[in-house]
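As structure tokens, the structure follows; a few thoughts come after it.
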Amino acid sequence: MIGFASISEAAMPREVAGPRWKGPTVRDIAEVAGVGPATVDRVLNDRPGVRERTRRRVRAALDKLAAERQDGEQRLDIRLFCDSGESFNEVLAAAEAEINRSVSGAVVTGHYVPTSRLDPDAFARKLMEDGLRSDGVVLVAREHPAINRAVRRLRSEEVPVACLTTDLPNSRRSVYVGNDQHAAGSVAAQLIGRGLPPDRCRIMIVMSTSFRCQQEREMGFRRVLRAEYPHLRIEERVISDDQPETTFDQLSRYFDASGVPAAIYNLGGANRGVALALERSGRAGDAIFVGHELTPRSRQLLESGTMDYVISHDIEAELATAARWIRESRSGRWTEPPPSQILIHTRYNCGL
């Protein structure tokens, strides 16, 4: 690898680059890293006054640009389409920015729509129109005929499509990247089953629309309860829209009428809405609350003690895997990525 100091000396405006210099300039690195040229200069010359996280971003951008120039490959245009809750959309957008700073050979452009405001037909049209102009697509979406149809059209035109986090097997997508969601639901059942007393207890399930990942989580959850904790029963299955406000209203009405259950398993988004309803009831410390996806909001709920467990996965690593898979598939290499690791977070290990 080319030394940091030599790059800075060759690339800074006050120096005249040698005739054979073909490395990235300071301005190139700054643009990819999302920082100013002065910050890049300080990092490359190992000067103080830069946070370690920023130093890592600059070095990752340098590695990305150097690898692209060495390989001589054109960057692929990868489109990311996400239908999800607002908190997950924010986490995925941050992962997109990081991938564009660190993964060579690809530029990811995201299109995010909150689940509660999705028009599936409009989403499918944009997916198909933009996808046909791209080198590959990464997709987070619900099961819907129009979306499946759009993916099939992209595949008929040999556009690779990687489903992320939630699968669409009926769409004939190219590959799924993510964890085993059936196993993730089984983990939730184990956490709740071990945490409740050996009495007949009530459990509430909260989920949203027809995401395959939520369906698979529910199947895994129910299987483990039947097999290992038959004394526990699922009393209510609440269908939310992944909006905290409406989830809060639904659960508050239920708690007022029927009381707070012994445990709540939220398979979808809007963990904050569940937490607000528990806090309003005054029984937040009495119910085991398990949800998915580590976001800044769910981390706060863990730290406050309102949530007990968050089951998650490394979305940044998964997006990087999907981008690399699309790049490799364009070169004729079709290796199926293994399932990603299921992560369990508590208030003691929820740092982002």
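Please treat every number below as a calculation from the coordinates, not as lab data. A quick note: this is a predicted structure, and the numbers were derived from the prediction, not measured. In this analysis, Cβ positions are derived from the backbone assuming ideal geometry, glycine residues included, and neighbour counts consider all displayed protein chains.
Let me check against my output: what whole-number percent is the relative contact order of the chain, with C-alpha pairs under 8 Å and at least 6 apart? Provide the component values of the computation, followed by the final result.
Details: 650 pairs, mean separation 48.9, N = 352.
About 14 percent, as a whole number.
Per residue of the chain, what 222 nm ellipticity follows from adding -39500 (n - 2.57) for every DSSP H run with n ≥ 4, rounded to the nearest 500?
Calculated at 222 nm, the ellipticity per residue is -15000 deg cm²/dmol.
So if I average 1/r over every pair of distinct C-alpha atoms in the range 95-141 and take the inverse, what Kirkwood radius in Å does that give?
After inverting the mean inverse Cα-Cα distance, the result is 12.1 Å.
Estimate the FRET efficiency between residue 172 and residue 333 by the formula 1/(1 + (r/R0)^6), using the beta-carbon distance for r and 22 Å for R0, to the nearest 0.05. Kindly include the intermediate steps, with their values, before the conclusion.
Numbers: r = 20 Å, r/R0 = 0.89.
My answer for the efficiency is 0.65.
Pick from 165, 25, 115: which is most flexible by mean-square fluctuation in a GNM of the chain where alpha carbon atoms under 10 Å apart are linked?
Fluctuation is largest for 25.
Residue-wise, which Karplus ³J(HN,Hα) couplings in Hz belong to the range 280-291, taking 6.51 cos²θ - 1.76 cosθ + 1.60, θ = phi - 60°, and x for glycine or proline?
4, 6, x, 10, 4, x, 9, 9, 6, 10, 10, x
Can you pull the three principal axis extents for the Cα set of the range 181-312, in Å, largest first?
Principal-axis extents of the range 181-312 (Cα, largest first): 34, 30, 26 Å.
Give the calculated FRET efficiency between residue 199 and residue 245 to the nearest 0.05, with a Förster radius of 51 Å applied to their Cβ-Cβ distance.
Working: r = 34 Å, r/R0 = 0.66.
Using R0 = 51 Å, I get an efficiency of 0.90.
Return the long-range amide H neighbours of residue 76 (sequence gap of 5 or more, or a different chain), with a cut-off of under 5 Å between placed amide H atoms.
106, 107
Taking the number of other C-beta atoms within 10 Å as the exposure measure, put 334, 325 in order starting with the fewest. Before the final figure, lay out the partial values.
Values: 334 11, 325 22.
Taking fewest neighbouring Cβ atoms as first place, the list is 334, 325.
Would you kindly derive the ³J(HN,Hα) couplings of the range 35-41 from the backbone phi angles with the Karplus curve 6.51 cos²θ - 1.76 cosθ + 1.60 (θ = phi - 60°), listing them in order in whole Hz, with x for Gly and Pro?
Once θ is set to phi - 60°, the couplings for the range 35-41 become 10, x, x, 5, 5, 4, 4 Hz.
Just add up the charged neighbours of residue 130: K/R +1, D/E -1, any other residue whose Cβ is under 11 Å from the Cβ of residue 130.
Details: positive: 79, 125, 126, 133; negative: 77, 129.
Its environment carries a net charge of +2.
With a bin width of 20 angstrom, please list the P(r) values of the chain as percents of all Cα-Cα pairs, from the 0 bin to the one holding the largest distance.
28, 49, 21, 2
Given points 7 Å out from each Cα along the Cα-Cβ axis, report the residue 228 to residue 253 separation in nanometres with one decimal.
The answer from the label model is 3.5 nm.
Using alpha carbons only, how many angstrom separate the centre of the range 25-44 from the centre of the range 323-352?
What the calculation gives is 28 Å, centre to centre.
Name the residues whose placed amide hydrogens come within less than 5 Å of the amide hydrogen of residue 264, ignoring near sequence neighbours (fewer than 5 apart) on the same chain.
Correct list: 204, 288, 289, 290.
Once the Cα gyration tensor of the range 69-215 is found, what semi-axes does its equivalent ellipsoid get, as square roots of 5 times the eigenvalues, in whole Å, sorted largest first? Before the final figure, lay out the partial values.
Working: eigenvalues 210, 70, 38 Å².
Computed over the range 69-215, the values are 32, 19, 14 Å.
Relative to the present Cα-Cα distance, how much length would full extension add between residue 52 and residue 303 at 0.36 nm per residue of separation? If you can, show how the numbers build up before the last one.
Values: separation 251, 0.36 × 251 = 90.36 nm, distance 2.47 nm.
Using 0.36 nm per residue and subtracting the Cα-Cα distance, I get 87.9 nm.
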